[in-house]
Every structure is written in C-alpha cells, then in structure tokens.
Amino acid sequence: MREKIRKLPLGLIILTILALTGFASVICRYLFGLGAVSNMSDGRGWGMWIGFDLYCGVALAAGGFTTAAIVYIFGGEKYHSVARPAILTAFLGYLLVILALLVDLGEPWYIWHAIIYWNIHSPLFEVAMCVMTYTFVLALEFSPAVFERLHWNVPLKIIHAIEIPLIILGICLSTLHQSSLGSMLLMMPTTLHPIWYTPILPILFYFSALAVGPAVVMFESTITGKSMGHEQNHEVMEGLGKIIPWILGIYLMLKVGDLLVRGNFGLVFTDFPHNILWWAEMLIGVILPIILFSIKKFRRSNTRLFWGAALVVLGLIINRFNVSLINLQMRPGYTYFPSWVEIATSVGLFADAMLVIWLAYKVFPMIKHSQHDSPTALKQD
Amino acid sequence: MEIDRRSFLKLSAASIAGAAVLVSPTPALASSGNESQANTNGKGMLVDTTKCVGCRACVVACKQWNHNPSSPVDDESKTHNDTPLLDSKTFTNIRATDVQQGLEPKWVYTKIQCMHCQKPGCAEACLVGALKKTETGPVTYNESKCIGCRYCMVACPFGIPTYQWESVTPWIRKCTFCANRQAQGLQPACSGTCPTGALKFANRSELIDEAKQRIADEPQLYINHIYGETEVGGTSWLYLASVPFEKLGLPNVQTEPVVVNAERAMGLVPPVLLGMAALMTGTYLVTKRRKKLQAKTSKKDEQGAKTK
C-alpha cells in the first residue's frame, strides 16, 4: 500500500512537468509564429501536429465508438465496465485533436470559419464537421457520470431517454470521419507513395480504426487499473482480445488484396527503404497480433493481452505516420524532423489528457456505476 | 458589371421609347461573349521555353505588381537554384536547367508559378472554399476565409502554394494569374513585360491550337508534347520545350485530375451515413428483441420449475 502511495505522485509529477512544458511551448508558438518554433516549411506544410495529434489522435479515440457499439448496440453487457472509461478517453482524444489544431492552424482565431464557409467537396470539411459534432455527442455520452456525481436526476433521465439515438449518431459520425481522414489523402495521388496510395484508403482507415478501438481500451484500462490499484476484469480483456484478430484479418486481406489488384505488391519486397516501413506497420500492428490473439494460451494472461494490445496501437501509429508524414513526399528536396517545440507541445497535450483521466477516476463514478445506466438492464428490472 | 449595365440599359430602354431597338443588341452581344469564353476553358498562358532567355523580367514585374520585396541570396556561394524558387514573396521564378548533351552546356529556362489547374486540388481541398477556380481561368485565393490549415499546400501536385512562415498571422501566397489585372482587361504582369515572346496570353483553346501549330512547324525543335494540355485534367498554363519536361523539373503527373478519387469518396458519404444509421438501428432492435425473448423464456423456465 505504501508503495502505491509513493508511486502515484512520481507519475503525477512527471505528467505535470510535461504538461507545463507543453503549455510553455504553446505560448511560444503564439508569440513567435509557426515558422519560428516549428520545422515545417513550404515543402513540408504538415508536420507532427497533423501526423501524430490529428491522424493518430483520432484513430486512437476509436475506442469510444467501438465500445459503445459493443455494449449498447450489440448487447455485450459484460463490457459495460469499460464503456465509460472508453467514452471519456475518446472525448479527451477529440478535445486534444481540437487543441492541437488550434496550435497547428495558422489562423486559429478563425477556426469558426469552418462552420460558416462550407466547401462540401473537401474531405477536410467533413472531418471538421464530424469532429465538432462528435466531440459534442461524446460529451453528452459521458455526461451521466457527471450528473450521477452531482445527483442531478432530471438531466440524467433526459440523457438516458436519448442514449441510444446518441450512441447511433456517434457511431455514424465516427464511421464518416475515421474514413474521411483517409479520403483526405486521396488528394495526393502523385505525392503519396504507391505502396500506400489507393482509392480504398478510406476503407483501410476505417478498419484499422475498428481494430485499434478495442486495443486502446485494453491498453488504457490496464494502465489506469495498475495506477488506481484495481484488478482488470479478465473476461473483458479476453473478450476484446478475441474480437481484434477478426477485424485485423479483414484489414490484412484488404491491404494485401489492394496491393495485388493495383499490381504494386512487388514494391513491398523491392522498394527499399519504404518497404521496411510497410513491413513494420504490418508485422507489428497486424500479423503478429493476429497470431498472438488467436492463441488460447496467450489470451489467458492479462499481461500478455496488454502487450498484444500495445502492438496493435504501435502498428497503427506507424501506419498513420507512414501515410501522413513519412511517405507523403509533399515536395521533393525538403526534409522534416519535428522541432523541440513541436514535440513538447504534442507530449504536453498527451500529458494533459492523462492528468484529466486520472482526475476523472478520482472524482466520477467510472467503473462501478449504477446498473440502470444500461437501458437494456433497465428493461429487465 | 455586365448585369448592372444590362439592367441599366433595360431601364433606359423602357424609359426612352424607340431607343430599345438600338440598345437591345448590346446585352445579347455581351452574353454571347461570355459563352464563347466558357467554351474556351477561360484564359491561358503559353510558355515557350525555347524562346526564354532567362532574363527574369517577368519575376521583377510580378514582384512589382504584387508589392513583393526582393529576395536577396544571403549566401554568395549558393546559386538561386540551390534555394527554393518560390516563397511567400516570390510567386514566380525561373528555373535554369543544364540539358547538355554533347560538350557544350545548354541552358533551358523554365518559368514556374501556379499552373491554374482546370480541376485544382487546392480548391477541392480547401475546407472553407478560400481557393476557387474562376470561369475565366485564374485560381483565386480569398484570405478573409482562410484558417491556415495548409491542406492546399499539401494537395497541390505541383508544389506551388507557399506560406508566410515568418509571420504570426500567416496567409497562403501564390500566383494569382493577375486576376485583378485580367478583370480590368489587362494581361498578366509577367507576359506584359516578356521581351522575347516566350509568354503568350490568350484564350486557352487558342493557345493549344497555336502550340500544336508551332510543333508542326518546327518538329526538330520541339518535343511533341504540350505540358498542361492534359496534365491533371488540364491546366491554364501550357508549356512547350525542346527536351522532356521532367528534365526541366515539371513533375510527371497523371492525366486524371487529382481530385477524382476524393470526389468519389465524398459522393459516398450520404449513402454510408444512412446505411450505417439503418444498420445500427436494426442491430439494436434485434438485440433488444432477443434479450426480451431470453428474459421471457428464462421467466417461464423459472415458473415451470416452481410449478414442478
């Protein structure tokens, strides 16, 4: 027990330091401008804030809609304990995306222009609209936790009444913009490397997000479980681990089938060094997890399941970096590596989210919340 | 402007009896003029690199018209080819390429600037519609809409839009095809100043015909390719050269517009949205019903067990 008390503050201190450094970096960005603090250039108009914060951030927030679908639409009641943490993580993920965009945009004070000036042909317009609406939907989906804590029964009842439509709306919005982040890259047929450029990019984005959703939930709930000192439910972990190889299997078939149809499969053997990056994302994030999660013995241990989930997450991050940064040769002759301010900002925002999650576990009923939260459970009573 | 004049003329026509017959041809002429311009794909520019001597008068004229300061080379050891040719204060520049085949060096000068695509990726990418392809040819930029996301810079197949990185309130900068000069009936500043006739401003379709004629007249001078006629679905700026365009740094791009796949994906958004909503609602109702049935049978079982 004493060990736990000592462990927790150290993590908190590190997170706080990272958050404050990130905050200082953001101040620098606003004072001196993008050119002064970042390594972006005309040839590299997008940097780490788009590659990591937007592309990885949105995908890693997929745990929200996948878990909501499993619990509320497909009737997987046993996953109820992870629904609320997953929705909170997704909500924070989207808040982070918006904050990162406020840092990355050249004119962040005009971000509201996206609401009044519409270009419905732009995939980015779709992303912007979905991110905005879905963040609001996620806030509503999480609001029962706040209302329960404050004992506000009237708004709680209202939210419960519209819970299912909200969940369905959230799934639809997620489907749209998880895939439209892929559509955004369809505009770059000449600059995105042919191993990755394909007309089915939106579908690949969607399936990789579906697979990483449960993995993020496993990853995150294990870490919070460890730091909060409660045992992670094995049934939940194993169940989620069972789902992942199916989705990854479809994803793998799409990835390889697409390369074969386009006649570019040879590139993954010949086109050094790009092929190394392709093999990295496929072996770490797809092939290895499919094998591991399919082994019964492997699924017996929570620790192993956690590391399996970590592989899926890592593979997805490599994939998103591959398509949005490393293999997107925006203009020939330019190189890019993020500056310290860019890295500190991204890390700082991440630390902010971790701190809020830690706080939420302390303040709100996250896991052992009342049974009537589930409408199907309500009916059974 | 046209409509104003037309309505003014109509008004005068109504008020002055008899004069209507005299003024009515004017609007008719004006509208037919607009139509013919639409049929020609708007205005274009033909760059004949065999005529360019690399004097850069066009670069200076462009800077003057757009009030852009000069960009001095800081490092004397670097030629201007070693540094990026375009920046937020340079909308056009000349790329010098040595295409030496024998012992003698042979320099070819290629003017680079926005190509003003017929189906521009930047305009499709821009989420607020700050970039627009006008009917008369130029791809214009409206900074009062821009939020600075830089998607246009990444989506441009020619790598043209630049950013005011040094500014705390940065905007996108690129060649405007002197849309403001064109609106006044003037030709762009660059072609207006070109002393060798390497730049020719006219209707795009006429320029394509002329370019074909030039190739036919001197097949030994030109390669048989008009760059920009079909590249990414056609561009307002067209190029002629004596060597393959790749050697001059003009990228080897597809003939299909860059926006095609994105457009297809965006067209699928409404059906996917509706389909997903229907699928999820259906699944929810099925799950709910199955749960109810399960509850009923388990209740019956309980009752059966009790009566037994």
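Derivation of every value follows stated rules applied to the coordinates shown; laboratory data play no part. These figures come from a predicted structure and were not determined experimentally. Backbone-built Cβ (ideal geometry, glycine too); neighbour counts: all protein chains shown.
Across segment A:250-257, rounded Karplus estimates of 3J(HN,Hα) from the backbone phi angles (6.51 cos²θ - 1.76 cosθ + 1.60, θ = phi - 60°) give 4, 4, 4, 5, 4, 4, 6, x Hz, Gly and Pro being marked x.
Helix A:302-321 against the longest principal axis of chain A: what's the angle in degrees, Cα atoms only, rounded to the nearest 10? Roughly 30 degrees between the two axes. Residue-wise HN-Hα couplings along segment A:227-233, as the Karplus relation 6.51 cos²θ - 1.76 cosθ + 1.60 with θ = phi - 60° gives them from phi, are 6, 8, x, 10, 6, 6, 4 Hz; Gly and Pro carry x. Computed from backbone phi, the HN-Hα couplings of segment B:214-231 come to 4, 5, 5, 5, 10, x, 6, 8, 9, 7, 7, 7, 9, 6, x, 5, 10, 4 Hz, rounded to whole numbers (Karplus: 6.51 cos²θ - 1.76 cosθ + 1.60, θ = phi - 60°; Gly and Pro given as x). Of the residues A:Lys157, B:Lys119, the one with the fewest other Cβ atoms within 10 Å heads the list, and the complete ranking is A:Lys157, B:Lys119. Taking the centroid of alpha carbons for each part, segment B:190-268 and segment B:108-135 are 14 Å apart.
Per-residue mean of foreign Cβ neighbours for A:114-121 is 6 (Cβ atoms of other chains, 10 Å radius). Centre-to-centre, using Cα atoms only, segment A:344-359 and segment B:269-298 are separated by 37 Å. Among DSSP beta bridges whose residues both lie in the protein assembly as shown, state the antiparallel percentage, nearest 5. The antiparallel proportion sits near 85 percent. Remark on chain A: Rg and Dmax equal 20.9, 67 Å (Cα only). Averaging Cα coordinates gives a centre for segment A:57-135 and one for segment A:211-264; these two points are 19 Å apart.
Rounded to a whole number of µm²/s, how large is the Stokes-Einstein D of the protein assembly as shown at 4 °C and 1.567 mPa s, given Rh as the Kirkwood radius over C-alpha pairs?
Working: Rh = 28.5 Å.
Stokes-Einstein gives a translational diffusion coefficient of 45 µm²/s.
Structure remark: mean-square fluctuation, Gaussian network model of chain A, C-alpha springs under 10 Å; the largest value among A:Ala100, A:Ala161, A:Ala59 belongs to A:Ala161. Residues whose amide H falls under 5 Å from that of B:Gly137, counting only those 5 or more places apart or on a different chain, are B:Lys43, with hydrogens built in the peptide plane.
Strictly over 21 Å apart at the Cα level, which of A:Lys255/A:Lys296; B:Lys51/B:Lys212; B:Lys119/B:Lys212; B:Lys63/B:Lys106 would you flag in this model? Table pairs above 21 Å Cα-Cα are A:Lys255/A:Lys296; B:Lys119/B:Lys212; B:Lys63/B:Lys106.
The order of A:Asp42, B:Asp209, going from fewest to most other C-beta atoms within 10 Å of their C-beta, is B:Asp209, A:Asp42. Between amide H atoms placed 1.01 Å from N, distances below 5 Å from B:Arg95 occur with B:Thr110, B:Lys111, B:Ile112, all of them 5 or more places distant or on a separate chain.
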